[in-house]
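Please see the structure below; I have some questions.
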């Protein structure tokens, strides 16, 4: 299985595999990782009926094993946010074309991958405020709306609490296309935080990531 690595800093790495660019045999992936899975992971895996979803699920664990040089089961909290029992922070994502993880011993991290389609454009009022729609009106495109959706998913994964409204509580303030950075802010109850989200595009897929 082919994959790429981005060394974010001395303690943080981002790894991804372009699933759509290579022939991936499900049986080959199973041979690589299945013997390391816990019994509960194996039980969950057999419940997955869709082969592409199985490939994504296994690929994420192979990427994690590569970066750690050992196998660690991915745990999930009540919000379905992944974590490890070691001293690593982790976030995972996958689209139809990409499986990716970001992992760090020091930083809080989050990651999201989205395939560029018209899906986000068709639901813009569900995740963008009227002010945001007006602000980015001149840039409107499937790419832009997918990017904005992915940024908000990335912020949400970092915050990871229930009952958050993308169109009013996560606000995109600025897009720096030159440096591939987006400034966003979350405002919910008594919590306020600014995020600088990084992004790049691979084969018509947008990856957004955060490390701080």
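State which residue pairs qualify: first residue under 17 Å from residue 90 (Cβ atoms) and inside region 145-158, second residue assigned to a helix (DSSP H, G or I) and at pLDDT 95 or above in any location, beta carbons under 8 Å apart, and separation of 6 or more residues or different chains.
156/166
Another question, then. Please state which one of 27, 17 is over 24 Å from residue 159 (Cα atoms) and over 21 Å from the mean Cα position of the chain (by Cα).
Working: 17 fails: over 21 Å from the mean Cα position of the chain (by Cα).
Answer to the check: 27.
Every residue, every condition in (1) at pLDDT 95 or above; (2) under 21 Å from residue 12 (Cβ atoms), yes or no:
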| residue | (1), (2) |
| --- | --- |
| 140 | no, no |
| 148 | yes, no |
| 155 | yes, yes |
| 166 | yes, no |
| 192 | no, no |
| 200 | yes, yes |
| 203 | no, no |
| 206 | yes, yes |
| 210 | yes, yes |
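For region 63-98, which positions are modelled with pLDDT of 95 or more, touching a helix residue (DSSP H, G or I) at 6+ places or on another chain (Cβ under 7 Å) and in a strand (DSSP E or B)?
If the condition is that a residue be modelled with pLDDT of 95 or more, touching a helix residue (DSSP H, G or I) at 6+ places or on another chain (Cβ under 7 Å) and in a strand (DSSP E or B), then 91, 92 are the ones that fit.
Can you tell me how many residues within region 131-174 are in a helix (DSSP H, G or I) and touching a strand residue (DSSP E or B) at 6+ places or on another chain (Cβ under 7 Å)?
16
Which ones in region 6-54 are within 16 Å of residue 94 (Cα to Cα) and in contact (Cβ under 8 Å) with a residue 40 or more places away in the chain?
Within region 6-54, 14, 15, 16, 17, 18, 19, 20, 21, 52 meet the criteria.
Right, here's the next one. Quickly run through region 175-199 and pick out the residues that are surrounded by fewer than 13 Cβ atoms within 10 Å (Cβ to Cβ), under 16 Å from residue 150 (Cβ atoms) and in contact with a strand residue (DSSP E or B) (Cβ under 8 Å, 6 or more places away or on another chain).
The answer is 176, and nothing else.
Taking region 113-140 as the region of interest, how many residues are in contact (Cβ under 8 Å) with a residue 60 or more places away in the chain and either surrounded by fewer than 15 Cβ atoms within 10 Å (Cβ to Cβ) or on the phi > 0 side of the Ramachandran plot (or both)? I'd like the intermediate steps shown before the answer.
In the first step, residues of region 113-140 are kept if they are in contact (Cβ under 8 Å) with a residue 60 or more places away in the chain; the result is 113-116.
When the remaining residues are screened for being either surrounded by fewer than 15 Cβ atoms within 10 Å (Cβ to Cβ) or on the phi > 0 side of the Ramachandran plot (or both), the result is none.
Adding up the residues that qualify gives 0.
Can you say whether residue 170 is modelled with pLDDT of 95 or more and out of contact with any helix residue (DSSP H, G or I) (no Cβ under 6 Å at 6 or more places or on another chain), as far as the supplied structure shows?
The answer is no for residue 170.
Separate question: Can you tell me which residue among 192, 179 is out of contact with any helix residue (DSSP H, G or I) (no Cβ under 6 Å at 6 or more places or on another chain), under 20 Å from residue 114 (Cα atoms) and not in a helix (DSSP H, G or I)?
Among 192, 179, only 179 is out of contact with any helix residue (DSSP H, G or I) (no Cβ under 6 Å at 6 or more places or on another chain), under 20 Å from residue 114 (Cα atoms) and not in a helix (DSSP H, G or I).
The values are calculated or read from the model by the stated rules, or taken from the named source; none is laboratory data. Model, not experiment: these values are computed from the prediction. Reconstructed Cβ throughout: ideal geometry from the backbone, glycine too, with neighbour counts over all protein chains shown.
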